[in-house]
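The values are calculated or read from the model by the stated rules, or taken from the named source; none is laboratory data. What you are looking at is a predicted structure, and each value in this text was computed from that prediction instead of being measured. Cβ sites come from the backbone with ideal geometry, for glycine too, and all protein chains shown count toward neighbours. Remember, those area values only see protein heavy atoms, side chains included, never the ligands or the DNA or RNA. Shrake-Rupley method; radii C 1.70, N 1.55, O 1.52, S 1.80 Å.
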Amino acid sequence: DTEGLLRIKEENQKHYRRAQRHQEKKEKIQRHNRKLGDLVEKKTYDLKTQYEHLANLRRTHILELTSVIFPMEEVKTSMRDPADVSSESDNAMTSSTVSKLAEARRTTYLSGRWVCDDPNGDTSISITGPWIILPNNGDYSAYYNWVEEKKTTQGPDMEHNNPAHTISAALCYATQLVNTLSLILDVNLPKKLCNRQHFAFCVFLWCFNSEFCGENLSRHRFTRAVKKLNANILHLCFSQHVNLDLLHPLHTLRNLMYLVSPDTENLGR
């Protein structure tokens, strides 16, 4: 029994010495983990700072791009409401009829459903200048109506102020702006609209083929291209955390205005 007790004591001493070595290793590992934790925290802070710096650079480039090369603003169309004119000519007209006429004027039948226009009146959004505008409600039917009319009308087109021309030009500029924004923000677009691009000079030179330029598009191709452009714009808005309550799937340039607005807090993220 005495010999067995001595063997047990020796084993206990070995276990105790081994436990001390393990404790030292544990403390050493804990010190190493604390150093790594401090290093990771410092690197994370540095990375966050770099992200903020990069976001500020992107934001600066975008605001400069949209203020100098692609300025956008809302254009009011000064037109009298037909309901008001009718009410002046007919004193017997009831107020309900006047309100219904005004409501009908602000409603457009677009792609199988009724779309409400701007309740404040006829508005459009211009890009690169007041003469290149898009309807605010997303009704671009003037383009393919003009294309269908051109098929039946022979001779050169002398209407330089044709709305179809301004719609095509505005959509082409919007496509160019969206592609440039995707490059600056490093966001891949879900839809491809251009066949060939040279991003290095695309802001200053017209050096890419857009689906909205060149030959006249049929209604199907035009509508399809507009849907792709709107999808790309919404994708950029989602990536920059634009307020969803402000967005509308048909408002091409207005969504772009919300995206590049200086009030967009997360622009450049």
Residue in the stretch 69-77 that is modelled with pLDDT of 90 or more and in contact with a helix residue (DSSP H, G or I) (Cβ under 6 Å, 6 or more places away or on another chain) present: yes
Filtered residue count, the stretch 49-77, keeping only those that are outside any helix (DSSP H, G or I) and either open to solvent by less than 80 Å² (accessible area, probe 1.4 Å) or touching a Lys or Arg at 6+ places or on another chain (Cβ under 9 Å) (or both): 6
Subset of the stretch 236-269 that is part of a helix (DSSP H, G or I) and without any contact (Cβ under 8 Å) to a residue 12 or more places away in the chain - its residue that is most open to solvent (accessible area, probe 1.4 Å): ASP245
Yes/no for ARG254 being more than 12 Å from the chain's Cα centre (by Cα), modelled with pLDDT of 85 or more and at negative phi: no
Which listed residue, of ASP46, ASP84, is part of a helix (DSSP H, G or I), acidic (Asp, Glu) and at pLDDT 90 or above: ASP46
Within the stretch 181-190, tally of residues that are under 21 Å from LEU134 (Cα atoms) and open to solvent by 10 Å² or more (accessible area, probe 1.4 Å): 0
